[in-house]
Each structure stands twice: as C-alpha cells, then as structure tokens.
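Colleague: Would you mind keeping the following structure in view while I ask a few things?
The values are calculated or read from the model by the stated rules, or taken from the named source; none is laboratory data. What you see is a predicted model; the values in this text were computed from it and never measured. Note that each Cβ is placed from the backbone with ideal geometry, even for glycine, and that neighbours are counted across all protein chains shown.
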Number of protein chains: 2
Amino acid sequence: MSQRRGISFASVNDMVIRRTATVLLLITFLAGVRGGRVHAEEGMWTFDHPPLGQLREKYGFTPGAEWLEHLQLASVRFNDGGSGSFVSPHGLVITNHHVAAGQLQKLSTAQKDYVANGFFAPNESEELKCPDLELNVLVSSEDVTARVQAAVTAGASDAAALEARKKAIAAIERESFAATGLRSDVVSLYQSSEYWLYRYKVYTDVRLVFAPEQSIAFFGGDPDNFTYPRYDVDIALFRVYENNRPIVSRDYLKWSPTGARDGDLVFVSGHPGSTDRLDTIAQLETERDLVYPLSIDVITRRLGVLRQYAAQGAEEARQATELTFGLENALKAYRGEYQGLRDPQLLAKKQEEERGLRAQVAANPAWSAAYGGAWEAIEAAERTRRSLYKTSRFQQLRGSDLAALATSLVRYVEERGKPDAERLDGYHDAQLPALELRLFSPAPSYPSLDEKLLADALQESLDALGPDDPFVAAMLKHRAPADVARDAIRGTHLVDPSVRRMLAASGTAGLHSSADPLVVLAREADRFTRANEKTLDERVNSIETRAGEQIGQARFAIFGHTAYPDATFTLRLSYGQVKGYPLNGTIAPSRTTLYGLYDRAYAFDLKPPFAPPRRFLDHRDALDLTTPMNFVTTNDIIGGNSGSPVVNRAGEFVGIVFDGNIESLAGRFVYSEERNRTVAVHSAVIIEVLRKLYDADSLVAELIGS
Amino acid sequence: MSQRRGISFASVNDMVIRRTATVLLLITFLAGVRGGRVHAEEGMWTFDHPPLGQLREKYGFTPGAEWLEHLQLASVRFNDGGSGSFVSPHGLVITNHHVAAGQLQKLSTAQKDYVANGFFAPNESEELKCPDLELNVLVSSEDVTARVQAAVTAGASDAAALEARKKAIAAIERESFAATGLRSDVVSLYQSSEYWLYRYKVYTDVRLVFAPEQSIAFFGGDPDNFTYPRYDVDIALFRVYENNRPIVSRDYLKWSPTGARDGDLVFVSGHPGSTDRLDTIAQLETERDLVYPLSIDVITRRLGVLRQYAAQGAEEARQATELTFGLENALKAYRGEYQGLRDPQLLAKKQEEERGLRAQVAANPAWSAAYGGAWEAIEAAERTRRSLYKTSRFQQLRGSDLAALATSLVRYVEERGKPDAERLDGYHDAQLPALELRLFSPAPSYPSLDEKLLADALQESLDALGPDDPFVAAMLKHRAPADVARDAIRGTHLVDPSVRRMLAASGTAGLHSSADPLVVLAREADRFTRANEKTLDERVNSIETRAGEQIGQARFAIFGHTAYPDATFTLRLSYGQVKGYPLNGTIAPSRTTLYGLYDRAYAFDLKPPFAPPRRFLDHRDALDLTTPMNFVTTNDIIGGNSGSPVVNRAGEFVGIVFDGNIESLAGRFVYSEERNRTVAVHSAVIIEVLRKLYDADSLVAELIGS
C-alpha cells in the first residue's frame, strides 16, 4: 500500500515535494481539477456528499444518515499516516501492522523487537503505551468556503489572496479549537473551490494490544507488496484510553459472522492521502519529467545507504527495518505511478478530457471570461516551478530523523514568537498539540543511522547543486558532507527529549544562541527553505490556487456537484464489489485461502520474505486451510487508506484494507474498474489465527462480541 | 500450450493458412530467415548441431554423443501433434493428457467418457488400443542439401525450381523408405538453405494405460491455459506394442529421484511445431494485417457453433469437448501471438535486425549480388499473397472432420492414380501409411456436430466471397449453406470406415462416379483448392523459397553456422534453467506445490474449471501438500513441444512440458529470456498422485524402476 504519508517524517520530508503537505500538515493548496464523468465504482467521497444515486441505481442500496454517521464515528485516522476503526465497545482499534510499524519500531529496543516478533497483551495491564501516536475521529464537518473567500479583497494579487486565505483559515481553526477543544482543520476540496472545517476528537493515550510477526503481516515482503494474490495477516490492534481507562466506544463495527463474500457490495471508510486526478496536463508533465525521476533517484540512493547500514549487524538491521519498509514501499509506488504517467494511453485520455472541458468553457462567453485563462496560468506557473524545482528540493536539510526534528524545533520556536495569524501553517496554536506530541516524543533515535543518512543527503545536495551553491556552501563550509554529518549528529543533544523541551521553552533568544551543532545547521538551512517556500507561494502556488479554483468552478458549472474531490488524508467513503479480475492471461479469484500461504511459502523453500512464522509451520494442522485469507474489491482507494475497515451493507466489519494491486498504482491519476483492486485481509482469517495460533481467545471474544 | 498442430485435422485445415503444413505434412517451404545473435537460453536446436559452446560456457556441461543419442531415441513424436518419451523398458510412453485427448475422445462413447473421467489399466490386458495414433522415433538424419539443390537446373524459373526440388525430395524419401522401411521425411531447414533426410521408426499399435480426469489434467481450464502459476497433472501414459507384445524400449528415461530443482540446468527434447522467428518484416506484416485477424474471427465463429451445440445436452457436450479445447487453445495462442505482433517494440526490434542484416549484405559486393534482391522479392511476393489470401482461404471445404476426410480421400485416389513423382506432397507412396491410418480409422464421427460446423464454414465462405464467387456458387448451387451441409452430412456413407476403404480401392473411376453427396462436394471443392495451391506455389511460394534460401545463405556467410533453424515439428533440443521470473509486479516462484491447487480450487468455490476430481477432495489428507506440482524453466519451446520430457544433466526425467506462460506466446517471433517460460508437470507430483490417489502402485514401480 502506498502509505506515502506513513513513511517517517524524515523520509516524507525527503520525498514529498510538490505535495508539500506532510503527515501533520494536511492542507494542500495544489489539488487538481474535477473530472467530468465518474466511472462505475470510482470515487473517494466525503461523508457529506455520499454517492447515493450510484448506490441506489447499481445496488438498490440507500445508506441512511444513521448508517453513515455510525460508520464515520467508527472510523479512525492514524495521524502518522493510515486508517483504522473501532471494533469493540472498549476502545479496541484495528489497523494494519504496517501502519502500526512506526509505533512498533519506537516501542522496540535492541532486546525486544516488536516489529519482527509481534506482541500480545493478554490483559489490559500488559498493553504498551505508544510514544507519540495520535488518533483522530471526525466528529463534524462544516462548509466554510464563504468565510475563507470573503477574506480575499477584490483586486488583490494572487500572492495577497493566498496570504489572506491562509490567515482566514488559521482564524477559523483557532476559533473552533478554542470553542470546542476539538482538533480543527480547514480542508480545501475540489481544487480550492470549497473549504471545509473538520473537527476531530483526538486520542493520544493509545496502547498496543496485538501485532503478529512481520513475516506474516508482510508475507512476501517487497516483491509481493502492491500485488495480488496475497497471503498476509496485516493487522494490529490498539486500545484507546482516556484518564488511564479504556474509552467506551459506542460507535464500533460489529464483526461479520461470514466476512466478505464474492460479489458483495462493500464500503471502505478511511483516509486516502492524496490523488492527482484533477491535475492539469501541465502539472502532470512536471510530475512525469521532473518530480518522479528525481524522487526515484533519491529514494534509491537512500535505500542503498540503509542496506549498507543494515548489513553491519542484527541491531543495525533492526534499526533500519521500518524506514527501509517505508522507502521500499514508496519506491514501488512511485515506480508504478511513474509508469502510469509514462503510459501514452493514460496521458492521451487525460489530454482528451482537458481538451473537452476547455472547449466547453470556451464555448460559453461568461465561463470563458471567468475561467478561460486558468489552464494557461497553470502552464506558466508550472514553467516557473520547473525552473525552481531542483534548488527548492535540494536546499533543504533532509534524510535524517534527528535533522527533521531539529528543523521542526527551530520553526516551532521561531513561529511561536509571532502572533498566531502570522505563523506558518502547521505552527498555529490549534496545531501545536499534534506537533508537540512528535517533537517531545520519548521514541528512540538511531544516531549512527541518522549520521549516514544525513551525510548522504548532504552529498546529494552537493552533487545536485555544486559546491558554489549558497545552501551547500553554508552547510558544508568547505568540509566533506560526511564530516559535517558526523559532527552534527555526534555533537547534538537533541536525542534527549528533555533537551528538546528545554530548547523549545528557551524561546527565540535561546534558540539563536544555541551552539548545538545540529540546531546550528537546521537554523541555517531553514533560512533557505523559508525563502524557497515563499518564492514558491508567490510565484507558483498562489497562481495555481486561484486558477485551480476557477477550473473547479467551471466543473461545477458544467457538470454540477456530482463528483468527489481529490484525496486530502481526510475521511472518505468508497463503495465497490468483492470481485476478481483479469490477471496476466487468466483471472484472479476474489479471495485467497490459507492454502495459498503454504503454496507460496514452500514454492520459495521457506526463504524470507516467504517464510511464515514458526507457529504457522508447527501448528498448521490446527488451521482450516480453506479459510479465506485476503480478498479484492473494486473500491477506489490510495495510500493512507491502509487499515481502513471494509464493511458490508449491514455496516459490519468484513475485512481490512492493506494494499492495492499493481494495476491500482496508476489510480493516482485515473481509476480503472476493470483492473484496479483494493486488497484486504479477510475477517475470517483474523479470527482463525488469533484463536488457533496466538491463543488469543479473550481478544476473539471481544471482537466477535461473545 | 499452443499445440497448434494438435488440434484436429478439420480445424487445422480450417486454421492454418500461410503455414500450409498440416500435422501429417510437415515439409514447410515458408520458414523465415535466421536471426544473427542467439540470446542466452534461446534456441530449438537440432540433435546434429547442439549448442555445445553455450552449454560449456554457461553451465560447464558437455553432453557426450551417447548422452545425446540416448535422449534422441527416448524421444517420441505423437504424430497428431505433440511429443512424448519412453519412461520404462517396456514401451511405456508419457505425454500430456491434452496431447492424448484426441485419442481419448476417439476411444470414448456416450457411455464411457475417458476425456473427462480418465482411465487406468492395472494390467496389460486392460490397455486400450488407440484407433489411429502414430508414434515416431527419429533414428537417423542426413544432410541431403546437395542432392536437392542439384536437381535445380541453372537458369530455371522459380516455379520450375520449386517443382524440381519437390521431385528430388520425393525421390529421396521414396528410395529411403524402400531401402530401410523407415518413415523417411526430407525436412527443409534454415529457410530452405538446408535439406535433411530424417528417418523414423514408426509405431501404430499404441495402447492407453493411464489418463487422469481432465479436471486435474487441465485444472483451471481455458482461463489458466498459457499462464503460470499452474496446478495441473497434465499427463497420460501409453504403451507401445509390436506383434501384440510390449516393445523392449532400451532407450528410456530414468525417473529422477528428486525431480527438477530451482536453478537446475534442464533440457527439453521434443517437437516444436513452427516458429516465425526468421520471417522478414513483409511476411510478418501479412500475418499481422491479414492472417491473424481473420483466423481469430474464424475460430471465434466456430467456437460459437460448438458452444451452441454443446449446450444441447450432455452427449453433445461430450462430443464437442476435444475440438472446443483445441479451438480455445488455438484462439488464446493466436491472440497472444497477435498481441506480440502488434507490439511496436517487437516489430521495431525485428526491423532493426533486418536493416542491420541488409546493410551488411549491401556492404559486400559479392553478397549483394547473390543475396541482395531477396527482401524485395519477398515483399513483392507478399503483395501477391495478400491479393490471393481471402480467396485461397475461403475457397476450401472447411470446418468439418467428415468433409476433411472426404477431401483427403478424393486426393488419395486422384494422386494414387499418378506416378509417384508427379503426386502432391503428402501422397507419395512413402507417405501413405500415415495417411491411411487416419483415413481408415475406426474412430467415431459426430455427424450432427459436423453438419453444424460445415454449415457454418459454408456460410462463412458465402459471407466472405459473396454468392457470385465460383467456389461458393459451385458449393451452394443457390441453396442455403445449412441445407447443403445437411444433405451432404446426412447423405454421406463415409462415416463407415469400410465405405472409405471401398471407395479408396475403387480408383479414380469409382471416385468420379461416386454419388455420395459429401464426396461430390469434396471433389468439386478440390478443383478450386488445387488451383489456388498451384497459383500460390507459382506466384508466391516458389519466389519465397528461392529468396529465403538466399537470406539463409547470407546469414551463414555473415554469422557462420551458429544458429538454429525455425521449428518444423521435428526433434529439437533446448536447454535452460529451472527459474522463476518477474510477474505482474512480483516474482513467480520456479515451482508450485499441491497446496496451491487447493488454494485456487477453494478460492473459486470449487466451481469448474477450478474443481479438482472428487478423489482429490476425499483423499486430500493422504497427500503431502508440499510436493512440487508444476515448475517453470527458461527453455525455448512452442506448440508441438507439449508432452516433451524435461531431463537433467544426468539425462533423467524430472518433468514433462505442458504449457508456456502468456509471455511466451510472442516467442513465435522473438525469444525473451527474462519472461519467456516453459511450464512443466513436476515428476514428483506424478508419483505422489499415482500412488496415493489412483492406487497405481504397479505403474509407479514401473516408472521408478523398483
């Protein structure tokens, strides 16, 4: 699964460029334009605007308000990049092992490797508190477009308009947070044509209950990732606490007695990260020609460093595990998306759509006047983006978790010194709790690994920009990247969260006088990053925000409000069918069984990543091997949906999303019902293995409610 | 497996156009030109000219003369379109169920369906004699190029030269047959640059010993055909008799105790039917633009008739089984090949090769004078072929087995009335035994089915050529195709083999006075077919034979004798490795296990074609499910190789070829080591199921030699 937002902060910082949103900062100003025609099962719909017509027509099903609200409140956002759902009245939340992996890694030590070996707390007292996991439950949403747009004065420049919108958004969020105490995010939808205020209940006392071994959660490893047929038990269970007691989760999903069956209508409720379906051709071409090839190079390079580090020993390998997964996952997703972008048919389809839309706009004088210039404005802005791209990408402190923490810390202090309305997005008062959770997290650091990664990223900036580039000169001061990284990482005290807290509390004066070498480096680097971001805002983003809004409005004018917005890591509903598909000359079945796990394991002589845990071999005879294991549906999802529940008409839990097939990767740009598939763990296999291999009868009882 | 030559005579008659050779008449005059560079595992090598250099270099293995001779003599050609091998000293021959299917169908009745239900003779007295199966074992081969070429007088026209070569070939075959009593075929290799006399030991008393149910031999059916991973036990066992006793087969393959293992060097010894790797671009373009689209239409149409017929009842379905398989198999192969031909990259590669070869020829004055005109000559001939194509294809009596028998009978009588040297190829004295075996076979006919098929083919000719076409007019005489077919099939007595014998014995006078309506139709149709064949020979084939020979010689001059000829359904050796491959985003393992059979079966709810036989469900616990089931190798094969043994360095039987993956279909034109795979049944699963599910211990003992 392209859990793009699930990869660690450092790597996101490293990888996500155009999509400037990070895991924590989800308001994007760069969505695309709305497609005219929505195909059968296409769409990641907001709960405000579910596809009732399509559901009635194709399936004769009309979810009531109560059905929708229940599902919404049972859905959970994992703020470090995935989705989940409540599955018991006692705060039990299910997600994927690979969504949980960040916390599993942070909970692990050289002595206890929960990523590899899993974990099970047979009773509440043994549950493990996660160091910095924030869960969100969407409790309300409200259209605030009018207020945001009213902030823009007539005749304002694009840059001033962008500034004004940002300020209005921050004010709305601030007020809402103050009034309700709920996390309050304004989200821009439909290519900035609409702004919605989403309020979330936030949970930060989240405890690990169960995770299987990675060798069964991620059986097949990187080769099988983004493919089907699959044989994975990619799940993990957490329990949400408040006041040191499990919460009462009234809205939880009942466990289906049968699970998903071939042909069933099913729903996925989760948090797709981002899609580019509404991008203009000019934007897609920048992605294709610049962003993807360069990103693939960066990740490939960083993976080389990680593998070298991991080869040094067992502990090094353990430290590298989760980031390696994240980068391999991102690389495979990027490659699939890049291949989609280079497919002439895909681009031709997109071009045809755009030509059609532009022709309709051109044919109507009023529309032409209001929206006609938008595409050319974006083309011009994209030319600017291309010219700025390399500099803005490589003039950043990248690669290392500690360096990313230092950068956040520098900004945290700088921004807190300003009035709330003046701050960078992500540093408003209402946003600080989430940031602080991460900033002061007790999660372990791996300085030796960080040093290698930072050295590599600095070397890369040097390679890309040359020694005379002012950023490179400022970072290296004529020294070798490896030396700069060594001094910064070995010399920093930021590994200690209490030091970070002290520095944060010391204010701008303290920050500016800090001699911590990593802080010094981050402070210096941030000057460049801020300048580059400002330039991008003024010369690209502000123009594209306005133009995107025009295109979005043109679509509303022509097609009506019949579509869904690009994904923004906010709650969405998708519908589809449990259904096989044409695969490599034959047909893929809609589900796999436990038999298939053993087939693939023995076919590869039990060699990793095809070696299931020992317990699967020792107690094989206890299992009913006909038990459904994974299944595929036509639901429209993308990275961020990992861990989303799959529910049936009755709203029961029938499975959990953990991947998309390889054909779904082009889904970032265009959905294909014929071959695009969501891959999920079947509810039946979860019960089967919990019961027969993990002796987790109490957990099973809680899940199935008996 | 594209067992193109394995589909029944009627359908071959129907489908194979350009490749005029039928199963029985294997001398092709239309092979292509030799590729310059041979890729790693590429090649279907003659036993005279094995790839010793490549084997030594890559695998450090040098098969000795004895090793090669043993393998050659253990290899068996199934003359109705497949391959096999001796696997015991008592004449036991193994092949595929789908190669045996023709005979299984002919042995079956409304009461006993051996295709569907299989067969096992626990002792010799219960073995079933096949009605018209001819097996061949290649015992010697000899280069006769000089003699064939000497027959062409200097300055002869292309047409006269072709005629002269045919006469010389017939004489060589006649003499050899008279001298040795062995089947003697002259085969043209390397695009008619070489002619070889192959002598075969012929066996016609062949008895069925064992066949499993089709539901396990062809588990996954048409969807899984030409794909991998697979889970099939596609085998059948026959025993060869002479003088009513099993022969002593000294050269048989010993059963390997381990079977094929990942990474092993393995060999396939069998009879690939035909490839077009050496075709010129002009020839490929005719295939792409004319032959493939039209053939796909014809097969699709005929399959419609078959399915309609089969839907009438169980007995109708039984009658249609084998032909349906043959046509579905051909259709899937054609579609895969057609897709390959339309792949711009494939054609670009071919064009580049051809350009390179032509440039090298052009750069050398002597070569340029001798060979330089060949490509343009073929281009011109192909223009003629295109202009004649539709007429020559549809001016034939097609579609029905009985009509095909009638056509053969007409020709048999006509040709036998001439001196041997004057006859059409396929009707020389030396060739008559094979023809008579089929002509007078006691195998059952299905007149009701034949009537439908003949009606459809006649309707098709009418649709394609119009009512005024002389052939159509002669066939229909202003009547409806269905009426003509009804009268011909219901009125004919050819269903009775003794009637066919009498007619054959009655000579041309008897033939010409026969009032049997099918004979009348065939007699009439044959006038057109003969005229069209003559025109094609004179205006196309003779030119391309000469030009092909020139291109072949140019290749020898430039590259030396380092390559292998296009396939001609004669014995070839290919080498390769047991090896997985990149598949749809992940990797396919080099083998599957019995676990996978059950995975796929239950994933499809045991619905056909994913329902294994009852015994596989009832006695599942008896099986070791880790047993290797199917495996893939990099060996270069094509249709006709079905049933070929896979042997290891020790020359032991480790498996049996039954398919190629979907990526291998473009292998008709170009070999790709990365993705082209041979699919085989593992020797271990054969023993496992014979022993545990079929109670065939005596057979197992004979196979493993204990």
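Colleague: Could you please give the count of residues in the stretch A:663-682 that are closer than 20 Å to A:THR592 by Cβ and under 18 Å from the mean Cα position of the chain (by Cα)?
Modeller: 4
Colleague: Related question: If a residue must be among the β-branched types (Val, Ile, Thr) and within 14 Å of another protein chain (Cβ to nearest Cβ), how many such residues does the stretch B:196-219 contain?
Modeller: Of the residues in the stretch B:196-219, 0 are among the β-branched types (Val, Ile, Thr) and within 14 Å of another protein chain (Cβ to nearest Cβ).
Colleague: While we're looking at this one, here's another question. Cβ-Cβ distance below 8 Å, separation of 6 or more or different chains: which pairs start in the stretch A:90-108 with a residue that is in the same structural domain as A:PHE658 (by TED's automatic domain parsing) and end on one that is surrounded by fewer than 23 Cβ atoms within 10 Å (Cβ to Cβ) and small (Gly, Ala, Ser)?
Modeller: A:HIS90/A:SER249; A:GLY91/A:SER249; A:LEU92/A:SER249; A:GLY102/A:SER8; A:LYS106/A:SER441; A:LYS106/A:ALA443
Colleague: Would you point out which residue out of B:PRO612, B:PRO589 is under 19 Å from A:GLY585 (Cα atoms) and in contact (Cβ under 8 Å) with a residue 24 or more places away in the chain?
Modeller: Just a single option satisfies the conditions, and that option is B:PRO589.
Colleague: Answer with yes or no whether B:ALA505 is more than 27 Å from B:ARG393 (Cβ to Cβ), within 31 Å of the chain's Cα centre (by Cα) and surrounded by fewer than 16 Cβ atoms within 10 Å (Cβ to Cβ).
Modeller: In short, yes.
Colleague: So in the stretch B:600-611, with the set limited to residues that are more than 8 Å from chain A (Cβ to nearest Cβ) and among the small types (Gly, Ala, Ser), which one is surrounded by the most Cβ atoms within 10 Å (Cβ to Cβ)?
Modeller: Across the stretch B:600-611, the extreme among qualifying residues is B:ALA601.
Colleague: Any idea which of B:LEU388, B:LEU323, B:LEU347 is of a type in the set (A, V, I, L, M, F, W, C), assigned to a helix (DSSP H, G or I), farther than 30 Å from B:ASP80 by Cβ and touching a Lys or Arg at 6+ places or on another chain (Cβ under 9 Å)?
Modeller: B:LEU347
Colleague: Here's a follow-up. When the residues of the stretch A:624-668 are narrowed to those that are closer than 14 Å to A:ALA684 by Cα, within 11 Å of chain B (Cβ to nearest Cβ) and touching a strand residue (DSSP E or B) at 6+ places or on another chain (Cβ under 8 Å), which ends up surrounded by the most Cβ atoms within 10 Å (Cβ to Cβ)?
Modeller: A:PHE631
Colleague: Still on this structure: When the stretch A:635-653 is examined, which residues are found to be polar (S, T, N, Q) and over 21 Å from the mean Cα position of the chain (by Cα)?
Modeller: If the condition is that a residue be polar (S, T, N, Q) and over 21 Å from the mean Cα position of the chain (by Cα), then A:ASN648 is the only one that fits.
Colleague: Looking for something closer than 24 Å to B:GLN345 by Cα and assigned to a loop (DSSP other than H, G, I, E, B) - is there at least one such residue anywhere in the stretch A:329-336?
Modeller: Within the stretch A:329-336, not a single residue is closer than 24 Å to B:GLN345 by Cα and assigned to a loop (DSSP other than H, G, I, E, B).
Colleague: Return the residues of the stretch B:645-675 that are farther than 19 Å from B:PRO565 by Cα and assigned to a loop (DSSP other than H, G, I, E, B); say none if nothing qualifies.
Modeller: B:ASN648, B:ARG649, B:ALA650, B:GLY651, B:GLU652, B:ASN661, B:GLU674, B:ARG675
Colleague: Determine whether B:ILE558 is over 24 Å from B:ARG649 (Cβ atoms), surrounded by fewer than 24 Cβ atoms within 10 Å (Cβ to Cβ), among the aliphatic types (A, V, I, L, M) and within 14 Å of another protein chain (Cβ to nearest Cβ).
Modeller: No: the conditions fail for B:ILE558.
Colleague: Mind checking which residues of the stretch A:578-599 are more than 7 Å from every other protein chain (Cβ to nearest Cβ) and either among the basic types (Lys, Arg) or more than 19 Å from B:ASP605 (Cβ to Cβ) (or both)?
Modeller: A:LYS579
Colleague: Being farther than 12 Å from B:ILE216 by Cα and away from chain A (no Cβ under 11 Å) is the filter; apply it to the stretch B:612-623 and report the residue that is surrounded by the most Cβ atoms within 10 Å (Cβ to Cβ).
Modeller: B:LEU623
Colleague: Quick one: would you say B:HIS493 is out of contact with any Pro (no Cβ under 6 Å at 6 or more places or on another chain), surrounded by 15 or more Cβ atoms within 10 Å (Cβ to Cβ) and part of a loop (DSSP other than H, G, I, E, B)?
Modeller: Judged against the criteria, B:HIS493 is a match.
Colleague: Could you check the stretch B:326-372 and list, in sequence order, the residues that are in contact (Cβ under 8 Å) with a residue 40 or more places away in the chain and of a type in the set (Gly, Ala, Ser)?
Modeller: B:GLY326, B:ALA330, B:ALA333, B:GLY336, B:GLY340, B:GLY356, B:ALA370
Colleague: So which residues in the stretch B:407-424 are within 24 Å of the chain's Cα centre (by Cα) and assigned to a loop (DSSP other than H, G, I, E, B), if there are any at all?
Modeller: Answer for the stretch B:407-424, where residues must be within 24 Å of the chain's Cα centre (by Cα) and assigned to a loop (DSSP other than H, G, I, E, B): just B:LEU424.
Colleague: Within the stretch A:150-165, identify whether any single residue is under 24 Å from the mean Cα position of the chain (by Cα) and buried (at least 19 other Cβ atoms within 10 Å of the Cβ), and answer yes or no.
Modeller: The answer is no; no qualifying residue exists.
Colleague: Which one of these does A:TYR427 not meet: (1) within 29 Å of A:LEU104 (Cα to Cα); (2) under 21 Å from the mean Cα position of the chain (by Cα); (3) in contact (Cβ under 8 Å) with a residue 40 or more places away in the chain?
Modeller: All conditions are met except number (3).
Rundown of residues vs (1) in the same structural domain as B:ASP401 (by TED's automatic domain parsing); (2) farther than 29 Å from B:ALA179 by Cα; (3) at pLDDT 95 or above; (4) not aliphatic (A, V, I, L, M), yes/no style:
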{"position": "B:ALA430", "(1), (2), (3), (4)": "yes, no, no, no"}
{"position": "B:ASP456", "(1), (2), (3), (4)": "yes, yes, yes, yes"}
{"position": "B:LEU462", "(1), (2), (3), (4)": "yes, yes, yes, no"}
{"position": "B:GLY466", "(1), (2), (3), (4)": "yes, yes, yes, yes"}
{"position": "B:MET475", "(1), (2), (3), (4)": "yes, yes, yes, no"}
{"position": "B:PRO481", "(1), (2), (3), (4)": "yes, yes, yes, yes"}
{"position": "B:ARG490", "(1), (2), (3), (4)": "yes, yes, yes, yes"}
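Colleague: Another question about this same structure. State which residue is surrounded by the most Cβ atoms within 10 Å (Cβ to Cβ) when the search covers only the stretch A:435-481 and only residues that are in contact (Cβ under 8 Å) with a residue 40 or more places away in the chain and not in a helix (DSSP H, G or I).
Modeller: Per the stated criteria, the residue is A:TYR446.
Colleague: Now a separate question. Of all residues in the stretch A:225-242, count the ones that are polar (S, T, N, Q) and not in a loop (DSSP other than H, G, I, E, B).
Modeller: So the count comes out to 0.
Colleague: Identify, from the list A:ASP264, A:ASP232, A:ASP289, A:ASP222, the residue that is within 14 Å of chain B (Cβ to nearest Cβ), at pLDDT 95 or above and farther than 30 Å from A:GLU652 by Cβ.
Modeller: A:ASP222 is the lone residue from the list that is within 14 Å of chain B (Cβ to nearest Cβ), at pLDDT 95 or above and farther than 30 Å from A:GLU652 by Cβ.
Colleague: Moving to a separate point now. Only one residue in B:ASP483, B:ASP496 is among the acidic types (Asp, Glu) and either in contact with a strand residue (DSSP E or B) (Cβ under 9 Å, 6 or more places away or on another chain) or farther than 30 Å from B:PHE78 by Cα (or both). Which one?
Modeller: Only one candidate qualifies: B:ASP483.
Colleague: Sticking with this one: Any idea which of B:ALA154, B:ALA150, B:ALA146, B:ALA159 is in contact with an Asp or Glu (Cβ under 6 Å, 6 or more places away or on another chain) and over 16 Å from B:GLN431 (Cβ atoms)?
Modeller: Exactly one of B:ALA154, B:ALA150, B:ALA146, B:ALA159 is in contact with an Asp or Glu (Cβ under 6 Å, 6 or more places away or on another chain) and over 16 Å from B:GLN431 (Cβ atoms), namely B:ALA159.
Colleague: Sticking with this one: Is at least one residue of the stretch B:379-393 in contact with an Asp or Glu (Cβ under 6 Å, 6 or more places away or on another chain) and surrounded by 15 or more Cβ atoms within 10 Å (Cβ to Cβ)?
Modeller: Yes, the stretch B:379-393 has at least one match.
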